[in-house]
Each structure stands twice: as C-alpha cells, then as structure tokens.
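*Asks:* Provided herewith is a single structure, encoded as structure tokens, for subsequent inquiry.
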Amino acid sequence: MLVDNGFVVVSKGEVADVCIVNTCSVTDTADKKCRQAIHKIVSANPNAFIIVTGCYAQINPSEVEQIEGVDLVLGAKEKFDILRVMHSIEAKEQFERVQVDKIGNNSFFEPIFSAGDRTRYFLKVQDGCDYYCTYCTIPFARGKSRSASVDTTAKSIHKAIAEGAKEIILTGVNIGDFGKNTNEKFIDLIRCIDNITDDVRFRISSVEPNLLDDNIIRIVAESRRIAPHFHIPLQSGSNRVLNLMKRKYSREVFADKVSKIKQYIPDAFIGVDVIVGMRGETSDMFDETLSFLKGIPFSELHIFPYSEREGTKALDIFPIVSQQEKKYRSEILHQLSAKHFEDFYQSQKGKTKTVLWETTKNTKIMNGYTENYLLVTAPFEADKINTFQKVVV
C-alpha cells in the first residue's frame with residue numbers, strides 16, 4: 001500500500017525514514033522478541049518515525065507506547081489506515097500516539113498476499129477466531145472470524161498468479177472457519193482452487209480437526225493443484241487436557257482425520273501442533289499424549305511450551321507445571337518428532353515427486369519442496385529455477 005503511494009523500501013544497510021514493526025503476541029516469548037526488535041530498529045534508525053502495530057500493539061498498547069523511540073501505536077484495524085495517518089503526520093497535523101480500537105468491532109476483511117520470495121506466495125484468506133480456547137489471546141488480538149467471499153478471494157489468487165506465483169499458501173487464524181460471514185464454507189474455496197488451470201500449486205495451512213471436512217481430504221487426494229500436505233493442531237493427546245483447553249474436538253476425532261488422510265493419501269505430509277505443560281496437565285495426562293502420538297502416523301511435531309497470557313481463563317486452572325517440567329516434556333516430544341520425520345523421509349526414497357526449484361545462498365545447488373513437503377537439493381541449473389520438475393527422490 002505504501003509502495004503504491006510513493007514510498008520506497010530501503011535497501012539493506014540504508015537508513016529508513018519510517019519503520020513499521022508488525023508484532024506477534026501468541027506467547028510471552030513473542031512479546032519479548034517484539035520488544036527486542038523494536039529496540040534494535042530504533043537503535044539502527046535513530047531519526048526514523050517508528051510505528052508499531054499488530055497483535056502485541058492491539059493487546060498491550062500502553063506497554064508498547066512506553067518503549068523508548070516508539071512514535072505511533074496502531075491497532076490491528078487501524079494499521080489499514082496507515083496512509084491517512086502518514087499524510088497527517090507529513091502535514092504536521094496533531095495525531096494521537098495510540099490509535100487502538102476494540103478489535104471486536106472490526107468486521108473488515110480483505111484477502112491480501114505477500115511474496116515470501118519470487119516463487120512462494122502467502123495468501124491470507126481469513127482472520128480472527130471465535131473459539132476462545134482457555135490458553136489463547138488470539139480472539140482478543142484479531143477479533144471475530146471473518147473472510148471475503150470465494151469470488152473476491154479468487155480475484156486475489158489470480159492477481160498473485162499474474163505476478164508470477166508458482167505456489168500459494170492459504171493462511172489465516174482459523175481458515176477452516178472461512179465463509180462463516182458470507183454463508184459459504186471452506187470447502188467451497190477448496191473446490192474453486194481445484195478448478196484453477198494455471199501452472200500453480202496450493203498448500204493449505206493449519207486447519208482445526210473438527211473443521212477438516214472428510215470431503216476436503218477426498219478433494220486433495222484427487223487434486224492436481226492442492227498439495228498433499230496437512231497441518232492439524234492437536235494441542236494435547238489427552239481428552240482431559242483438551243477439555244481444560246476448551247478445544248472443540250476429542251483425540252478420537254483427530255485420530256480419525258489422520259487415518260482418513262493416510263487412507264486416501266498414503267504419502268501425505270502431516271504436521272501437528274502440540275502444547276506441553278498446560279496448566280492442569282499432570283504427568284499422567286502428558287503420558288496419555290505421548291502414548292497417543294506414538295500411534296499416530298504424523299510426519300513432524302511443532303511443540304510449544306504453554307505460555308501464560310494475561311486475561312485468559314487458563315490462569316484459573318491448577319496445578320501449574322514448572323518450567324523445568326515443560327522443558328523435559330518438550331524434549332521427549334522433540335525426540336519422537338525427529339524419529340517420525342526421519343522415518344517419513346526414508347519412506348519417500350525412490351518415489352517420483354514434483355519439485356518446485358528455488359535458489360539458495362549456495363550458488364552451486366538449488367533447493368525445492370515436493371508436493372508432500374520433502375526438501376530436496378540438486379546441482380544448480382538456472383533455467384530450472386521457478387519451475388516444476390518431476391524427480392526421483
């Protein structure tokens with residue numbers, strides 16, 4: 001938006017006039033990293049106008065405002081008014097240093113995409129969440145679930161393809177809830193994407209198990225456009241912990257979804273989110289998770305130690321799990337994940353897959369991901385970059 005209106009992105013090493021920090025606040029660690037990033041940017045650009053926006057700014061605007069060097073704090077909704085704000089500042093008009101409205105009032109959504117590189121694009125198709133899990137601040141930071149229509153989203157997809165996208169990753173806070181405010185469903189978007197004939201590949205990011213319709217799995221199994229790659233948050237393999245978290249499914253529902261994926265798509269990559277050390281998670285409950293996961297054919301775990309967040313219902317749950325115990329449980333699951341990851345890679349040897357080649361810092365080799373998310377390398381060939389190729393792994 002800024003570039004389209006006369007601003008220029010600085011080159012590496014060049015001092016900026018305006019710096020925008022788009023923050024995360026999903027954990028305590030995220031808050032800490034955001035503060036460190038702000039300090040670093042202020043130090044590197046001492047005369048720049050510093051704007052902080054995003055989830056940390058939305059949830060804790062007064063804390064952000066007090067960080068030395070911050071000139072303006074914008075909420076999640078207000079960041080889309082950044083041009084108006086910048087024009088008023090350039091005109092030397094008075095402005096409020098903190099502009100953060102209640103996120104629950106926000107019904108605005110527009111599908112937007114960004115190019116991670118020249119090959120891979122990230123398309124945000126949904127924002128917000130209505131679930132209010134006991135450990136999570138996302139509804140307070142992002143507001144209610146909302147998305148654009150399938151037709152509007154499709155226009156953004158075709159725009160990304162016209163720019164040169166070869167792989168488009170569908171992202172959002174709770175993308176399985178797509179269409180809730182437009183009387184459509186996520187599967188309607190999936191069907192639309194599956195009918196696209198351009199030379200492009202799609203990946204679906206994280207989908208809640210209770211929102212992963214069996215028909216979506218069947219479409220992906222038969223699709224030439226949608227990658228056989230699923231990311232499904234489990235959070236715990238203990239139904240008692242899932243109940244404490246106020247998740248909307250049981251471990252049996254999760255197991256059924258994974259079983260169906262493997263039934264229809266044996267080579268699918270399945271990533272799984274797990275939280276360890278949730279308040280109230282006893283050793284027995286963790287053992288339930290460990291035992292459950294040992295019987296699940298996942299490809300990789302994403303493991304998060306539980307992080308206490310102000311204003312969440314989880315703070316009323318006891319007992320509290322110590323940091324040492326969280327670290328211990330994390331390590332056990334990391335070891336299990338490493339074994340599954342290695343086993344999955346070994347199982348793919350000798351199979352023919354389609355890779356999308358990308359450049360690397362090493363000019364002698366090129367990297368690429370297969371449709372089922374195997375990272376492969378080969379000797380560098382300039383004419384192969386940004387193209388699909390069938391290879392034997």
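Derivation of every value follows stated rules applied to the coordinates shown; laboratory data play no part. Remember, it's a predicted structure, so these values are computed and weren't measured experimentally. A quick note on method: Cβ atoms are made from the backbone with ideal geometry, for glycine too, and the neighbour counts reach across all protein chains shown.
*Asks:* Taking only C-alpha pairs under 8 Å that are 6+ residues apart, what is the relative contact order of the chain in percent?
*Replies:* The normalised contact order for the chain reaches 10 percent.
*Asks:* Order the peptides 372-383, 142-153 from the highest to the lowest mean number of other Cβ atoms within 10 Å of their residues. Spell out each step's value before the answer.
*Replies:* Details: 372-383: 13.9, 142-153: 20.4.
My ranking of the peptides, most packed first, is 142-153, 372-383.
*Asks:* Taking the Cα centre of region 3-101 as the origin, how large is its charge dipole in debye, to the nearest 20, when only Lys and Arg (+1) and Asp and Glu (-1) carry charge on their Cβ atoms? Can you show the working numbers first?
*Replies:* Details: 10 positive and 15 negative charges, 63 e Å.
Magnitude of the dipole: close to 300 debye.
*Asks:* So which of LYS246/LYS326; LYS260/LYS294; LYS102/LYS246 end up more than 22 Å apart by C-alpha? Show your work: numbers first, answer last.
*Replies:* On the way: LYS246/LYS326 20 Å; LYS260/LYS294 17 Å; LYS102/LYS246 24 Å.
The pairs that break the limit, which is 22 Å between Cα atoms, are LYS102/LYS246.
*Asks:* Can you work out the Karplus-derived ³J(HN,Hα) for every residue in region 48-65? Use 6.51 cos²θ - 1.76 cosθ + 1.60 with θ = phi - 60°, whole Hz, and x for glycine or proline.
*Replies:* Ordered by residue, 3J(HN,Hα) equals 7, 8, 9, 10, 10, 9, x, 5, 4, 5, 5, 7, 10, x, 5, 5, 5, 4 Hz.
*Asks:* Express in whole angstrom the spacing between the alpha-carbon centres of region 329-357 and region 51-127.
*Replies:* Centre-to-centre (Cα) distance: 38 Å.
*Asks:* Have a look at the DSSP beta bridges in region 107-347 and tell me what percent are antiparallel, nearest 5. Don't jump to the answer; show the numbers that get you there.
*Replies:* Working: 6 of 28 bridges.
Antiparallel bridges: around 20 percent, rounded to the nearest 5.
*Asks:* While we're looking at this one, here's another question. Given axes a ≥ b ≥ c from the Cα gyration tensor, I'd like to know whether region 141-202 is rounded (a/c under 1.5), prolate (a/b larger than b/c) or oblate. Intermediate values should be presented prior to the final figure.
*Replies:* Values: a/c = 2.19, a/b = 1.68, b/c = 1.30.
In terms of gyration-tensor shape, prolate.
*Asks:* Next question, about the same structure. Going 7 Å from the Cα of ASP28 toward and past its Cβ, which residues in region 277-305 have a backbone nitrogen under 14 Å from where you end up?
*Replies:* In region 277-305, the label zone of ASP28 (backbone N under 14 Å from the point 7 Å along Cα→Cβ) covers 277-279, 305.
*Asks:* Using a simple spin-label model with points 7 Å from Cα along the Cα→Cβ vector, what separation in nm is obtained for ASN105 and THR363?
*Replies:* About 5.5 nm, to one decimal.
*Asks:* Using the Cα centre as the reference, give the magnitude of the dipole from point charges on the C-beta atoms of region 107-347 (Lys, Arg: +1; Asp, Glu: -1; all else neutral), rounded to the nearest 20 debye. Can you show the working numbers first?
*Replies:* On the way: 33 positive and 33 negative charges, 56 e Å.
That gives a dipole near 260 debye.
*Asks:* So for region 46-153: antiparallel DSSP bridges make up what percent, rounded to the nearest 5? Walk me through the intermediate numbers first.
*Replies:* Values: 6 of 10 bridges.
Percent antiparallel among DSSP bridges in region 46-153 is about 60.
*Asks:* Oh, and also: May I ask which residue of GLN335, LEU74, GLN126 lies farthest towards the positive end of the charge dipole of the chain, with charges of +1 (Lys, Arg) and -1 (Asp, Glu) on Cβ and the Cα centre as origin?
*Replies:* Towards the positive end, the residue furthest out is GLN335.
*Asks:* Net charge around PRO233, counting only other residues with Cβ within less than 10 Å of its Cβ (Lys, Arg = +1; Asp, Glu = -1)? Before the final figure, lay out the partial values.
*Replies:* On the way: positive: ARG247; negative: GLU208, ASP273.
Spelling it out: positives minus negatives among the neighbours equals -1.
*Asks:* Using the membrane-span-like helix rule (whole DSSP H runs, Cα extent along the own axis of at least 15 Å, mean Kyte-Doolittle hydropathy at least -1.0), which helices of the chain qualify? Show your work: numbers first, answer last.
*Replies:* Numbers: long enough: 28-44 (24 Å, -0.61); 150-163 (20 Å, -0.11); 251-264 (20 Å, -0.81); 283-294 (16 Å, -0.13); 323-347 (36 Å, -1.44).
Length and hydropathy pass: 28-44, 150-163, 251-264, 283-294.
*Asks:* Can you give the charge dipole size of region 204-337 about its Cα centre, rounded to the nearest 20 debye, using +1 on the beta carbon of Lys and Arg and -1 on the beta carbon of Asp and Glu? List each step's numbers first, then the result.
*Replies:* Numbers: 18 positive and 18 negative charges, 48 e Å.
Around 220 debye, computed over region 204-337.
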